[in-house]
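The values are calculated or read from the model by the stated rules, or taken from the named source; none is laboratory data. Worth saying up front: this structure is predicted, and the values here are computed from it rather than measured. Counting neighbours? That spans all protein chains shown, and the Cβs are built from the backbone with ideal geometry, glycine included.
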Amino acid sequence: MHLRLLHGVADGEPWFGRWSYRFVRGSFNLTHHAYLKALHALRSTPLQNLTLALVHLPLLLSRYQPFSPSPLQTLSDLFKLLLDLHSKLPENSFSSSENCLSSPENGFPAPATACRWSAKRLEMATCVIIEALNQAKNRWVSRQEVRDSARAYVGDTGLLDFVLKALGNQVIGDRVIRRVLNPVTKVLEYRLEDLCRNPFSGPENYISGVKMAHSQISRSQVAKDLAYLYKNVLRDNGRNSGFPATGIHLPAIKEAVRAVLDAKHLVKDYEAATDRGGSSHEGAMVRVLCSVSLENGDISADGEISGARVSAESVVIPAEFVSIPARASVGDLKRELESAFGEIYFGLRGIFVAEVVGARASDPVGRMVKSGHEVVARGRVPGGSVWCEGKREKGGVVDCLCGAREEDGERMVCCDVCEVWQHARCSRVDGDDVIPTIFLCTRCEQDLVVLPTSL
């Protein structure tokens, strides 16, 4: 999944926005206004416009609405909630219903490898429990009452317990089975409701729903649902036959997604980073603006870079703000820099910071750093630097149909007549398609005069 698209829809800014990086320009002549317009179009897409196209969306809304104190109405609401849940749930969490997931075909529990009952028996037990809840006529029924009523038709209590454990916030046909913990009796209660109802409109229902939902949701389930929405709504909407021709404006979503993915050029907004972090010594914490110079040379046993020197070939990583206690040492700052830059840049994972220029490892950071000053460190990436500026050696003029007049790092082709460079995508060369041996731009195609073969 593209993080700039996923977090753009959820938070309204790219993933690097948490480090105060902002859009500066896009590929294919994408402007800031067009980027913001595309983000707004995606984030404000009503979920009700997608319910007919995505058969599992009502189930997802029913599953995750208990976690939100306000109704989930737009794509932004749902994606933001899922990302928040995924970051907070423990990695080894599991749900009580993961061994008995809903079948996409009919909505009844389908057996997993750990289930000893067949799909037919599970479906029969589910139908019996649904009928028992239906007889309650929209009344909350205790688990024991449902179990006793179903035992008249299903004698296997183990099967009933298994299905009752799996049924909770589950969509069956056009209705949903709700399960909450009664705050007074501390007993699980069930109720069958129409899918169009919103049982979480009040604070009491919301609190009960959260208690119930925590026993039903796992981190892996959230990841699966997030991938399902990303694939079917954001990435494959133009190719997914499940989307009807009406009810959702596919070209608008497709073009908005493309615009967000074309926003690849970001810059650090240091003023915003300073405002986000507060004063430089607030709360006995020092905010240090640090940059790292990647040097050539080998890392010795004592942690020094042998044969390294600052030269024109050295690569200086853009500065980042690092927060560290004022009483911490420069050695602690070096370790914090390794962690910070390794987290931000995939290519700098494993970076080793050998020294902070002009300071000893035992010096306290609070005495060394003054407000507004920048600290420069020297380091190296094991195996050699993987940092590159991404420049491409080529001559000629860029004059693309999209309006671009300079190279932006995208795949480009050169006209064999006028030698003008254009984007491959704008020239109808999609993806990894092979560029024709002889390529003519649109202007040269129009100006080309075919001479007669005979007089």
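Please verify whether Pro58 is farther than 18 Å from Val257 by Cβ and surrounded by 14 or more Cβ atoms within 10 Å (Cβ to Cβ), treating the condition exactly as stated. It is true that Pro58 is farther than 18 Å from Val257 by Cβ and surrounded by 14 or more Cβ atoms within 10 Å (Cβ to Cβ).
For segment 397-407, the count of residues that are at pLDDT below 85 and not charged (D, E, K, R) is zero.
When segment 148-164 is examined, which residues are found to be buried (at least 17 other Cβ atoms within 10 Å of the Cβ) and either in a helix (DSSP H, G or I) or under 33 Å from the mean Cα position of the chain (by Cα) (or both)? Those that are buried (at least 17 other Cβ atoms within 10 Å of the Cβ) and either in a helix (DSSP H, G or I) or under 33 Å from the mean Cα position of the chain (by Cα) (or both): Ser149, Ala150, Leu159, Leu160, Phe162, Val163, Leu164. Looking only at segment 132-145, decide whether some residue is surrounded by 19 or more Cβ atoms within 10 Å (Cβ to Cβ), modelled with pLDDT of 85 or more, in contact with a Lys or Arg (Cβ under 8 Å, 6 or more places away or on another chain) and in a helix (DSSP H, G or I). For segment 132-145, residues surrounded by 19 or more Cβ atoms within 10 Å (Cβ to Cβ), modelled with pLDDT of 85 or more, in contact with a Lys or Arg (Cβ under 8 Å, 6 or more places away or on another chain) and in a helix (DSSP H, G or I): present.
In segment 3-26, the residue that is nearest to Thr45 (Cα to Cα) out of those that are among the hydrophobic types (A, V, I, L, M, F, W, C) and not in a helix (DSSP H, G or I) is Phe23.
When Glu91 is tested against (1) out of contact with any Cys (no Cβ under 9 Å at 6 or more places or on another chain); (2) modelled with pLDDT under 75; (3) surrounded by 14 or more Cβ atoms within 10 Å (Cβ to Cβ), only condition (3) is not met.
What residue, of Thr74, Thr126, is farther than 30 Å from Asn49 by Cα and either surrounded by fewer than 19 Cβ atoms within 10 Å (Cβ to Cβ) or modelled with pLDDT of 85 or more (or both)? Of the residues listed, the single one that is farther than 30 Å from Asn49 by Cα and either surrounded by fewer than 19 Cβ atoms within 10 Å (Cβ to Cβ) or modelled with pLDDT of 85 or more (or both) is Thr126.
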